[in-house]
1. Relative to 2.2 N^0.38 Å, what does the C-alpha radius of gyration of the range B:761-817 come to as a ratio? Two decimals please.
2. Can you sort B:TYR92, B:TYR613 so the residue with the fewest Cβ neighbours within 10 Å comes first?
3. Enter the mean number of other protein chain beta carbons within 10 Å of the beta carbon of each residue in A:130-140, as an integer.
4. Give the Rg (one decimal place) followed by the Dmax (whole number) of the range B:495-586, computed from C-alpha coordinates and expressed in Å.
5. Gain in length, B:TYR35 to B:ARG509, computed as 0.36 nm per residue apart minus the alpha-carbon separation, to one decimal in nm?
6. Using the number of other C-beta atoms within 10 angstrom as an exposure proxy, rank A:MET141, A:MET148, A:MET89 with the fewest first.
7. Taking the Cα-to-Cβ direction at B:PHE701 and at B:GLN19 and moving 7 Å from each Cα, how far apart do the two end points lie in nm?
8. What percentage of all Cα-Cα pairs in the range B:707-749 are separated by more than 12 Å?
Amino acid sequence: MGSNTRGPDADGESPDERMQSADRDALDAVFSLAYEELRRLASVVRRNDPNASISPTTLVNEAWLRLAATPSVAHTSPLHFRRIAARAMRQVLVDIARRKHAGKRGGPDAIVITLDDGNVAAQGSADLLALDHALDGLAQMNPRQAQMVECRFFGGLDVAETAQLLDISEATVLRDWRAARAWLATELRDAS
Amino acid sequence: MSDDPRDPLDAEQWARVQQLFHAASALPADAWGAYLAEETAGEPSLCATVRAMLTEDALRGSLLDGGLAATAHAVLSDDHAHLPMETAFGPYRLLRQIGEGGMAVVYLAERADLGSSAAVKLLHDPWLSPARRERFASEQRTLAQLNHPGIAHLYDAGVLPDGTQWIAMEYVDGESLTEYCRTHALGLDARLQLFREVCDAVQHAHGHLVVHRDLKPSNILVTHAGHVKLLDFGIAKQLDPADSELSPTKTGLQLMTPAYASPEQLRGETTGVYTDVYALGVVLYEMLAGTLPFDIAGRTPGESEMLILTAEPVRPSVAARGTTQGADANTASWADLDVLCFTAMHREASRRYRTVDALIRDIDHYRRKEPLEARPDSTTYRLGKFVRRHRGALTASIGVLSILLVTGVVSAARIRTARDAAVVEADRAQRIQHFTLSLFAGGAESSEPGDSLRAVTLVERGVVEAATLGAEPVVQAELYQTLGSIFQKLGQLDRADTLLQQALRSRRRLAADHPDVARSLVALGLLRVEQSRLPEAEQLVRDGLALSQRVRPAGHLDVAVATTALGRVLEERATYADAITVMREALRLHTAIAPVSPDVVTAATQLGNDLFYAGEYDRADSLFRHSMTVAQALYGDRHPLVADALINMGAVRFQRADYAAAERLDRDGLQIMQFVYGTEDPRTASALTMLGRALVAQTRFSEAVPLVKQALAIQERVYGNVSPKVASTVNELGIIALREKQFDDADAYFARNTDIYRAVFKRPHNLLATALANRGSVFSARGDNVQAERYFREAVAVFSQTVAPTHVDIGIARVKLGRVLLRQRRFADAERESEAGLAILTSQMSPGASWVKNARSDLVQVYDSLGRSAKAAAMRVAQADTLLKR
């Protein structure tokens, strides 16, 4: 899945490591599902359908349902699985954005189906890559906060679930989130 | 990224930044400046960071606040809006995008040279994952095999220079199934008609061993002309023995839609035809009720799964009230739809319709107002149906009703309807043929228990029809013959007997020397085999063969068929040498007529069996292999005849003491049997027994016992308690009990078998000998050497009358006999038996086989006791050699 320069997670065992020990097919399937869910989310926004559900939670639920029976996933709790799925969402999106960025710049990975300069996707890709980079920075400052952002933004976990996953109070989640969000926003603004 | 605005903070600095940020944010914005100036004096960079954060906190306008959907949209949404329309997709030119799913984007395309349209499907971002590429390629392979008006055809496929895979397929301009039903306000019958079309298409796929696995309304379009088209075979599965499917631990990553997913999919278990049957049930439910059976929207995964695995959905008849299609939903006929629907989507795969065909038949029954074949869990359904149908006229007591039901004669009105319908049908001979074909030509799934009730009803109907044909005796006799054979296949031997005799009598009246008389004689003879009336069987078949040889040219199919039948009788009578001669001739005749034909498969298998029983394992093995090759050429890899051949080859390995190989072959065979017949069929039971035997031989008793007991229960249900088929399973249980030292149980099992074989064969038979030898083994294990000797001697005597003197079974029995003689210190007697046994065994078995070793160690003792030191030494060397090699 491309290069990865992320720092370690709070508990010392990154989801990536867990995923690598997992069945390769299951890993592949998580990424495929993450990809499909991102497509679904994107198309809902494009159709501007106010009734459609655009919560990324749908993916995580369905992915869990689909993958729960595979040996490599069966031993993980649903909540932990959602954390893996959140990581997959981030990774897939970043990979696509990198790929597009490369295409735009005509790099060695340039693909035939290229993008017009200045379109929304080019900006979107740049923003996302900036967020990814800033999250790596946050992980060095406070791994738990980076993980929290990943779970909430990419995985759609709510405050209560995040609190449970990270074993902290909901008040702490709200407080940490607010600071992390504000700091990341300053980083994104600087990058753009 | 190199253009990083500033270095990240360290953990301590970050803690401080956050503390300041939270403290300041509790203040009004105009107080921030003063607060920070005081707190961060001399630290301008720290101050700037907190300041910027406070600003962003108030703005809430970053990517993080837009949500993931907006980001996904920004990153993904427009890439194919800029697809170069002139890119070459074979002969197709893209016109506009018509759809997009997670996997792929679909364009309407035009084929310039022909002016026709097509749908071109492109895989999104193929580089992302091999699983996605494989799924896409697999859909292409699947579609290429299918050719049905109800399935969108594959036209073409290719890969763009950047690796993007595409396929061009039939463009279907239509609405999804449920949408179509709604927008056209379809009534019940129109919905059922559409559903039936869906079933037809799915059945076609199943006929090509393709299971769709993702059936749902959005994958089923209805064209403007009102016809169904199945789309999206993206996660379809090719049923194939080479599939990883064969591994019992297989779990699939099944990317199905949870709302239509079967319980076995949710549990990650093996999927099959029954998985599609389930999804069809859910689709039908939705078409009837207008809602899904399980509302999983907004539920957590665990809840959804729990719901689908345990909840009872509202009956469609209740859910449909007040809808267009459900205008009469409170009437009794909707109760049948409930049964039909719930049978299709039964939680237990084994209780669903076995095939989509069976589901289609019930749809047709319903539409013709006939009783369904499906029954709800209690028997009250059938009774209720009957009463409803005849409420006006019916005054009979429930007792009378029950008798009618038990005999399978459903009702006079029913038969009248059937006859009226029959009269309308055109040509009678064609009807016979069609009728027979539709019932049994499919072969594989013809007489499964789930279907037999229905078959019996149909055949009974045929009998009534046939009785009206007195004016056309030739046709009538043909019908009786056909119906008789069908009853025989259904296990109703008495009914078969009556009909076959009627056919024979009627044909003899017409012309005593007619080829049809010969065919009747042979058919009746084969029935006698099943009735275990073997001398009569042999006489009938020999008469039939002689007549055929007289009135037919040499090499005629009738002669070949009669010869095969004679071989079968001789095999049943355990006269294997004669059976082998006859079957060689039968195989030669059939091969000359058609080298790749079902008859060749049958004849080769039968000859293989005879050679096997005669102890000629190499030749048996090559015939089983031949019959497998021909069966595969005829039917593909997943067919019961292929399974038979695998299991037969397993039996050869078993006989040669290569139990691991036997287990592998048996598992492969069992897998096919379970796929084709389900878990409750006698053929599955035989395969279970064989596998159990291979496990027992490897001393894996705890794995074997449940399999074998399951097999026995099935067989007793089907064949009754006194049957050779039951006996072979009882024998297996006896062997296990013996090896687990449960001697009373073991003796009871083997005694039951000697009784069965004596009752059935009424003369010496090698199976009886086996049962006797096994009883001997029980006494031997108990240390009762005198009783043991008695049974072993009886066994050897019976074997000698029925199999060749060099047969392995004789060898084993004599070695066993030698051992109990040795224990009685009758050394000279023991020497004779053990030496004879060992000579037979070394010519037939691998030197490491346990009986060979046993015989050698017994003989070492015998020679020592008799003072034959040279022989004892030679035997010790031979034994040590073998042990060292292992």
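1. Values: Rg = 10.5 Å, N = 57, 2.2 N^0.38 = 10.2 Å.
After normalising by residue count via 2.2 N^0.38 Å, the value is 1.03.
2. Lowest to highest Cβ neighbour count: B:TYR613, B:TYR92.
3. On the way: counts 4, 4, 1, 3, 6, 0, 2, 6, 3, 1, 5.
Per-residue shielding by partner chains comes out at 3.
4. Here Rg and the maximum Cα pair distance are 12.6, 38 Å.
5. So the chain would gain 158.6 nm between B:TYR35 and B:ARG509.
6. A:MET141, A:MET148, A:MET89
7. Result: 7.3 nm between the two label points.
8. Counting every Cα pair in the range B:707-749, those more than 12 Å apart make up 55 percent.
Values in this text are rule-based calculations from the coordinates and carry no lab data. These numbers were taken from a predicted model, which means no experiment stands behind them. In this analysis, Cβ positions are derived from the backbone assuming ideal geometry, glycine residues included, and neighbour counts consider all displayed protein chains.
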